[in-house]
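The values are calculated or read from the model by the stated rules, or taken from the named source; none is laboratory data. Here the structure is a predicted model, which is why all the values come from computation and not from measurement. Neighbour counts run over all protein chains shown; Cβ positions are idealised from the backbone, glycine included. Side chains included, ligands, DNA and RNA excluded: accessible areas come from the protein's heavy atoms. Shrake-Rupley method; radii C 1.70, N 1.55, O 1.52, S 1.80 Å.
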Amino acid sequence: MIECFLTDETGTHAIEEPEAGCWVNVTSPTAEDRAWLEEELGVIDEFVKSALDDEETSHVDYDEDTGQTLVIIDCPFIEDAAEAEDPLMTQYDTHPLTVLFLRAQDMIVTISLKENPTLSLFAVGKVADFNTHQRTRFLLQIFSNTVQRYLRYLRSINRQFTKNEKILHQTMRNSELVKMLGLEKSLVYFSTSLRGDETTLSRIQSGRVVRLYEDDKDLLDDVFIEIRQAIEMCTVYSSILNGTMDTFSSVISNNLNLVMRTLTIVTIVLAIPTIIFSFYGMNVEGLPLTNTCLLPLGLAVVGMAGAILYFRTNNLFK
């Protein structure tokens, strides 16, 4: 899907065809959209390939021949929208968002492989001071909104983790442990993507690939503060989650050892009457009171009581 927006005296509104100073938003591009980007807008093939690669990492690239600049930002997404109905099952992933500066055409292009909530805010006019002619500021506003979404998702992960931890204190169900592993995977994705975005933002700060203006420096500093806060939160949450998972692994292992010890003790206690009655079940001469079960029964009871008393005395039978 291709949408075009332009800011004029009346505000930002959609337009039918791209023109100088506009913003072109391409979502879930098809083969026809790719051909349109190359033929109509003149985007170089290399940049189009990078924009359509779901595994592309965050970076900045510049083509000297055309003057086009490529900026890829890793954005957070809910992994499966259906899971969002149950907060404990919510997991997260990251996907690239491509921002293209087309100097010759005097326009900015965004390409997303799936609908991006950040771009949706710009499209419906919910971002203050948005102007399609101020392309550098637009890029920094995308960064800012993306990092704020990272922060919201990180807080959501922390809430899910806290709730799961309380449940695990009561019962060691596999489903809860799987949820914890899903949260751990989400934090790994976030940590890797945030560090890539920070590196990309550092290159933008240099001013060599994207022209910076004096009015944008405060916004750039704010974005740096937010992204470093997100990286720190992600590091702290990852450390806590890893430590908690290691603790629960030890607890599960210890519980298994206790169960195996108890079963072993029970087996030993039950083996005593089996051994005694086995003697009387054989054709062995010289055993006393073979014509009655009182002696073997008494020996079995005494033997079991003695074994139980021994294990209790040594704190082995709980």
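Summary of computed values
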{"quantity": "Radius 14 Å from Cβ of ILE231, net charge of other residues (Lys, Arg +1; Asp, Glu -1)", "calculated": "-3"}
{"quantity": "Probe 1.4 Å, accessible area per residue of the chain, Å²", "calculated": "54 Å²"}
{"quantity": "Principal-axis tilt of helix 174-206 within the chain, Cα atoms, nearest 10 degrees", "calculated": "30 degrees"}
{"quantity": "Cα shape, the range 30-75, gyration tensor, a/c 1.5 rule", "calculated": "oblate"}
{"quantity": "Over the chain: Kirkwood hydrodynamic radius from C-alpha pairwise inverse distances, Å", "calculated": "24.4 Å"}
{"quantity": "Gaussian network model of the chain, Cα within-10 Å springs - most flexible of THR118, THR30, THR146", "calculated": "THR30"}
{"quantity": "Angle between the chain longest axis and helix 294-313 axis [Cα atoms, degrees, rounded to 10]", "calculated": "40 degrees"}
{"quantity": "Additional length obtainable on full extension of the chain from ALA305 to LYS163, 0.36 nm per residue less Cα span", "calculated": "46.6 nm"}
{"quantity": "Inter-label distance, nm, simple model (7 Å from Cα along the C-beta direction), LYS114/THR244", "calculated": "2.5 nm"}
{"quantity": "Top of LEU187, LEU219, LEU151 by mean-square fluctuation, Gaussian network on the chain, Cα under 10 Å", "calculated": "LEU219"}
{"quantity": "Surface accessible to a 1.4 Å probe, GLU39 within the full protein complex, Å²", "calculated": "140 Å²"}
{"quantity": "Probe 1.4 Å - accessible area at ASP215, Å² to nearest ten", "calculated": "130 Å²"}
{"quantity": "Fully extended contour minus Cα-Cα distance, from THR57 to LEU151, at 0.36 nm per residue", "calculated": "31.9 nm"}
{"quantity": "Largest-first ordering by accessible area, 1.4 Å probe, given options TRP23, TRP36", "calculated": "TRP36, TRP23"}
{"quantity": "Under-5 Å amide H pairs with ILE15, H placed in peptide plane, nonlocal only", "calculated": "CYS4, PHE5, LEU6"}
{"quantity": "5 angstrom amide H check on TYR92, placed H, neighbours 5+ away", "calculated": "GLU79, SER186"}
{"quantity": "Added length on full extension, which subtracts the Cα-Cα distance from 0.36 nm per residue, LYS217 to ASP65", "calculated": "51.9 nm"}
{"quantity": "Point-to-point label distance, VAL124-ASN257, nm (Cα→Cβ direction, 7 Å offset)", "calculated": "5.6 nm"}
{"quantity": "Area accessible to solvent at TYR62, 1.4 Å probe radius, in Å²", "calculated": "80 Å²"}
{"quantity": "Tilt relative to the chain, helix 217-281 - C-alpha long axis, 0 to 90 degrees, to 10", "calculated": "20 degrees"}
{"quantity": "Label-to-label distance, nm, for residues given as GLU16 and ALA35 (7 Å Cα→Cβ offset)", "calculated": "2.3 nm"}
{"quantity": "Whether the range 100-144 is rounded, prolate or oblate, judged on the alpha carbon gyration tensor where a/c under 1.5 counts as rounded", "calculated": "oblate"}
{"quantity": "Candidate residues ARG208, ARG137: accessible-area rank, largest first, probe 1.4 Å", "calculated": "ARG208, ARG137"}
